[in-house]
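The values are calculated or read from the model by the stated rules, or taken from the named source; none is laboratory data. None of these values were measured; they are calculated from a predicted model. Cβ placement follows ideal geometry from the backbone for every residue including glycine, while neighbour counts extend to all protein chains displayed.
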Amino acid sequence: MSKENGKEKMTFEQALEQLEAVLQKLERNDCPLDEAMSLFQEGMKLVQFGRRKLQDAEKKVSLLLKEAGEFVPFNGEEDQA
């Protein structure tokens, strides 16, 4: 199983746990540069994965609210109407 296939089956919470582990390793003072770069790259992939999961969840919630007649868009701002 490749890493990409494994990530698609990963939950948001699992990705967050892995990201926390990566951050702990990066915060070590004895982390060699090559390892730090690999960890940083892995961390960025986990961040992107987490963002996609959150965006998917927001879309689903918006759709459910719209179907219920209570649409509230996730745009980070309150309507000024």
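Selection of the range 23-39 for residues being touching a Leu at 6+ places or on another chain (Cβ under 9 Å) and within 22 Å of Glu13 (Cβ to Cβ) yields Leu23, Lys25, Leu26, Leu39. Selection of the range 49-67 for residues being among the charged types (D, E, K, R) and over 24 Å from Leu19 (Cα atoms) yields Lys60, Lys66, Glu67. If you filter the range 65-81 down to residues that are over 27 Å from Glu13 (Cβ atoms) and among the hydrophobic types (A, V, I, L, M, F, W, C), you find that the one that is modelled with the lowest pLDDT is Ala81. Only one entry in Ser62, Ser38 is part of a helix (DSSP H, G or I), at pLDDT 95 or above and hydroxyl-bearing (Ser, Thr, Tyr), namely Ser38.
Number of residues in the range 1-23 that are modelled with pLDDT of 90 or more and not hydrophobic (A, V, I, L, M, F, W, C) equals 6. Leu26 - would you say it is at pLDDT below 95 and out of contact with any Lys or Arg (no Cβ under 8 Å at 6 or more places or on another chain)? For Leu26, the condition - at pLDDT below 95 and out of contact with any Lys or Arg (no Cβ under 8 Å at 6 or more places or on another chain) - is met.
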